[in-house]
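Just so it is clear, none of the values below were taken in a lab; they were calculated from the coordinates. Owing to the predicted nature of the structure, the values given are computational and were not obtained by experimental measurement. Cβ placement follows ideal geometry from the backbone for every residue including glycine, while neighbour counts extend to all protein chains displayed.
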Amino acid sequence: MGFNEAIFDGVLEGNMKAVTTATTAALAAGTAAGDILNEAMIPAMAEVGRLFEINEYYVPELLISARAMKAGLEILKPLLVATGIEPKGKVVVGTVKGDLHDIGKNLVAIMVEGAGYEVIDLGVDVTPENYVNTAIAQGAQVIGLSALLTTTMPSMKATVEALNESGLHGKIKVMIGGAPVTQKYADEIGADGYARDAAGAARLVAQLISG
Amino acid sequence: MIKDRLTTRERMRRMFAHQDADRVPVVDAPWASTIERWKHEGLPENGDYEAYLGMDRVRLIMADNSPRFPEDVIEETEAYIVHKSRWGAIKKDWKHAASTPQHLDFVVKDRDSWEKAKERMQPDPARIPWDMLRTHYKGWREAGDWISAGFWFGFEVTYSHMIGVPFFIAMAEDPEWVKDIVTTMLDLSIALYDMVWEAGYTFDQVNWWNDMGYKGTSFMSPKMYRELFKPADRKAAEWAHRHGCVVHYHSCGNVSQLVPDLIDAGVDMLNPLEVKAGMDPLALKATYGKSLAFHGGLNAMCYEPPEAMWAEMQRVIPVMMSDGGYVAATDHSIPDSVSLKQYQRFVELAKEIGRY
């Protein structure tokens, strides 16, 4: 079995040790860090996302896969930085103002990071201004908003409006998701996309950034 | 308005037995912030919305099966409180707005810290609210209220209140630990309610809360539910049925694919049938209505405008109530965007449409 295959399988199985062993061995054998990331780790997490969407993987399986990938990524990171390989883009995520729920947002962060993007996680109870200011300061291309409650959804609209006022909506896109959220609501408030689940969010980020 | 012919207890018994009654029971719960709003709109200061609105009453006996960690307030402002619970969760709660809490940390993080918590989980009569029972039980029975014993064990209490995200990892990698946690919690509940029952405070129903779903699907696969959590659900249901009680199971989110296993485990009634998560009350009734009773399923997203809720009630209640087996309620908690007047109309309409 080649190193990439071992890393791919290790991520899929949630086997942290297999991933770190194979990553170290691959680097020692001369494989470039960027190749390991793009040809093994990211495709593995994409497959995890696919299995998650078709209800073959659930949250426990997704989390151990993500943990395995993160462990391999920690080994790669210094090498990626040294060779100037950058994330495919930057995404700011958070749960909106007034809302303290975070599991959905955390799963989105995992899948988006697993797809090769840098995630800036603002946590919960995030104001519209904080999303927009952070996205501008960090050079993010996408803002991801999560809400659990109907009573906190209006903050999504307020965030879109704040982005409009900045003049940067278009350069920075907004995607939304959460239990009461729908595509219809996304269209109503002028968001650029709606994701039904974490795997869908990772695909949506790719679409929004590629334009 | 037509006068009720039955007490809540008589009505609920008939629903669980899939029989007609005078009308469907109406058992529903507002967020704390909703009650705060309603007090400004005419609800008496004691907050007794059930009496004020003429709803059915379910009385809860809640024995404490937690590790009883010392509770502590860590930070408090006008808007929120950060506190440690008796389950060892450090969490932030809004004081005046509806929300689930934000979990900041947990005392139990691994097997070692679990073993220390387990040592604290011993049967002790001091865990039972004897004063409350002595004061109120007789009145509940005389009023014909429905009395429920609240067990608490399983996925949700462990993930949300005791361990957090590492519990998901344990579910995948350390099933024996998961089963030990779940069994310990359940066995303590059983020991405590044995004491309650033997003291003469019998009850009609055993309920537990076990949110296993979210939008679109469940947190775990049916296979994982069967291995890790179903044996305890079955054991709890068997205890309930041996005592002549029925089983009321609360599980938010989309748990449709777990329903066959829940029925097999012995669940008699499922709540809340969260529509926005993808639960379809009418489809559930059609498929499982002979084996399972239902509580909830009236989509909270329909409260605005009010006419949408009235239409939804006309669509859902007549189907759900056929052959009994239905208790009317919002599909989770009544949001604080709903006025007291609007909810009063909800209760009236539920009784009108729900008349047999």
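Couple of notes before you dig in:
- Which listed pairs, of B:Lys95/B:Lys215; A:Lys70/B:Lys91; A:Lys17/B:Lys91; A:Lys97/B:Lys215; B:Lys3/B:Lys215; B:Lys235/B:Lys351, have C-alpha distances above 31 Å, in listed order: A:Lys17/B:Lys91; B:Lys3/B:Lys215; B:Lys235/B:Lys351
- GluC sites (Glu not before Pro) restricted to the stretch B:23-123 and DSSP loop, no more than 12 other C-beta within 10 Å: B:Glu41, B:Glu45, B:Glu71, B:Glu78
- The value given for the stretch B:94-142 is a Kirkwood hydrodynamic radius of 15.1 Å, derived from the mean inverse Cα-Cα separation.
- Whole-Hz ³J(HN,Hα) from phi, Karplus 6.51 cos²θ - 1.76 cosθ + 1.60, for the stretch A:108-115, glycine and proline x: 4, 4, 4, 5, 5, 5, x, 8
- Kyte-Doolittle at least -1.0, axis length at least 30 Å by Cα - qualifying DSSP helices, chain B: B:175-198
- Only aspartates and glutamates eight or more places from A:Lys88 in sequence, or on another chain, were considered; those with a Cα closer than 16 Å are A:Asp35, A:Glu39, A:Glu113, A:Glu118.
- For B:Tyr326, distant residues with modelled amide H under 5 Å away: B:Phe294
- Using a Förster distance of 30 Å, the FRET efficiency for A:Ala206-B:Lys179 (Cβ separation, nearest 0.05): 0.15
- Scattering curve values for the stretch B:236-311, log₁₀ I(q)/I(0), Debye with Cα scatterers, q = 0.17, 0.27 Å⁻¹: -0.66, -1.26
- Convex hull projection area averaged over all views, the stretch A:73-211, Cα basis, nm²: 7.8
- Between A:Lys173 and A:Val142, A:Ile143, the built amide H atoms are under 5 Å apart, and every one of these is 5 or more places off in sequence or on another chain.
- Qualifying aspartates and glutamates (Cα of each under 16 Å from Cα of B:Lys223; at least 8 residues distant if same chain): A:Glu56, A:Glu61, B:Glu173, B:Asp174, B:Glu176, B:Asp233, B:Asp261, B:Asp264
- A:Lys157, B:Lys3, A:Lys97 arranged by Cβ crowding within 10 Å, fewest neighbours leading: B:Lys3, A:Lys157, A:Lys97
- Summed residue charge, Cβ within 10 Å of B:Asp174's Cβ, Lys/Arg positive, Asp/Glu negative: -2
- Helix axis angle, A:3-13 relative to chain A longest principal axis, alpha carbon, degrees: 50
- Counting only other chain Cβ atoms within 10 Å of each residue's Cβ, the peptide B:98-106 averages 4.
- Cα shape, chain B, gyration tensor, a/c 1.5 rule: rounded
- Around A:Asp197: net Lys/Arg minus Asp/Glu count, Cβ-Cβ under 15 Å: +3
- Per-residue Karplus couplings for the stretch B:257-268, computed as 6.51 cos²θ - 1.76 cosθ + 1.60 with θ equal to phi - 60°, are listed in order as 6, 8, 4, x, 6, 5, 4, 4, 6, x, 5, 9 Hz, Gly and Pro entered as x.
- Taking Cβ atoms as reference points and 11 Å as the exclusive limit, the residues near A:Thr182 contribute a net charge of +2, counting Lys and Arg as +1 and Asp and Glu as -1.
- Pairs spanning more than 29 Å between alpha-carbon atoms, out of A:Lys157/B:Lys84; B:Lys109/B:Lys285; B:Lys230/B:Lys290: A:Lys157/B:Lys84; B:Lys109/B:Lys285.
- Relative contact order of chain A, defined on C-alpha pairs under 8 angstrom at six or more residues apart (%): 18
- In Hz, Karplus ³J(HN,Hα) per residue of the stretch A:134-146 (6.51, -1.76, 1.60; θ = phi - 60°; x = Gly, Pro): 5, 4, 5, 5, 8, x, 6, 9, 9, 10, x, 10, 10
- Nearest-ten-degree value, helix A:198-210 long axis tilted from longest Cα axis of chain A: 80
- Only DSSP H runs of four or more residues enter the estimate; each adds -39500 (n - 2.57), and after division by the residues of the protein assembly as shown the mean residue ellipticity at 222 nm equals -14000 deg cm²/dmol.
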